[in-house]
Amino acid sequence: MNIDNHTDKEIKDFYNFRNIAVVGMSSNNQKPANFVPSYLIQKGYNIIPVNPNSDQILGRKCYDRVSDIKEDVEIVNIFRKSEDVFPVVQDLLNKKTIKLIWLQKDIFDENSMKLAKEMGIDFVYNRCMMEEHQRLFDP
């Protein structure tokens with residue numbers, strides 16, 4: 001699987017957005033869906049867990065869907081199987097503050113990318129937010 005065609009400068013600029021909803025966030029600290037958001041919290045990002053099976057993760061209130069979040073969300077970071085991404089993207093399109101959808105490693109859905117781009121939302125795929133942050137800011 002290829003990665004998107006964003007330049008390093010573009011990826012670096014995405015980290016200026018501070019409010020990140022993490023879809024599929026896990027309470028299991030052995031899973032990337034937990035330790036990646038935990039890393040981002042340590043770096044000063046506002047992480048908002050989205051997982052209908054949990055009330056709280058890392059001491060933060062969990063939401064069932066991105067559309068349930070009242071505060072502004074700029075990035076939606078998705079830890080779901082590729083075939084589960086499209087309904088997530090459909091759900092978040094009414095939130096006008098979203099600037100970027102970021103699919104973690106090994107995740108891609110072409111229909112989701114097309115829909116996001118039609119709505120003016122940037123789209124990153126097959127990249128890890130933690131690994132990219134470490135590569136670009138802590139070499």
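A few notes on this one:
- Being surrounded by fewer than 20 Cβ atoms within 10 Å (Cβ to Cβ) and of a type in the set (Phe, Trp, Tyr) is a property that holds for Phe35.
- Any hit, the stretch 40-50, residues being in contact with a His (Cβ under 7 Å, 6 or more places away or on another chain) and in contact (Cβ under 8 Å) with a residue 60 or more places away in the chain: yes
Residue-wise test of (1) at pLDDT below 95; (2) closer than 13 Å to Lys12 by Cβ.
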residue: Glu110; (1), (2): no, no
residue: Lys114; (1), (2): no, no
residue: Lys117; (1), (2): yes, no
residue: Ile121; (1), (2): no, no
residue: Met129; (1), (2): no, yes
residue: Glu132; (1), (2): no, yes
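- Any hit, the stretch 58-67, residues being among the charged types (D, E, K, R) and assigned to a helix (DSSP H, G or I): no
- Look at the stretch 1-19: where a residue is closer than 24 Å to Lys96 by Cα and a partner is assigned to a loop (DSSP other than H, G, I, E, B) and among the polar types (S, T, N, Q), sitting 6+ places away or on another chain with Cβ atoms under 9 Å, you get Asp4/Asn126; Asn19/Thr97.
- Extreme residue, farthest from Val76 (Cα to Cα), among residues of the stretch 87-98 that are outside any helix (DSSP H, G or I) and in contact with a helix residue (DSSP H, G or I) (Cβ under 8 Å, 6 or more places away or on another chain): Asn94
- So Asp8, is it within 23 Å of Asp106 (Cβ to Cβ) and over 15 Å from the mean Cα position of the chain (by Cα): yes
The values are calculated or read from the model by the stated rules, or taken from the named source; none is laboratory data. Treat the numbers as computed from the prediction; the structure is a model and nothing was measured. Cβ atoms come from the backbone with ideal geometry, glycine included; neighbour counts cover every protein chain shown.
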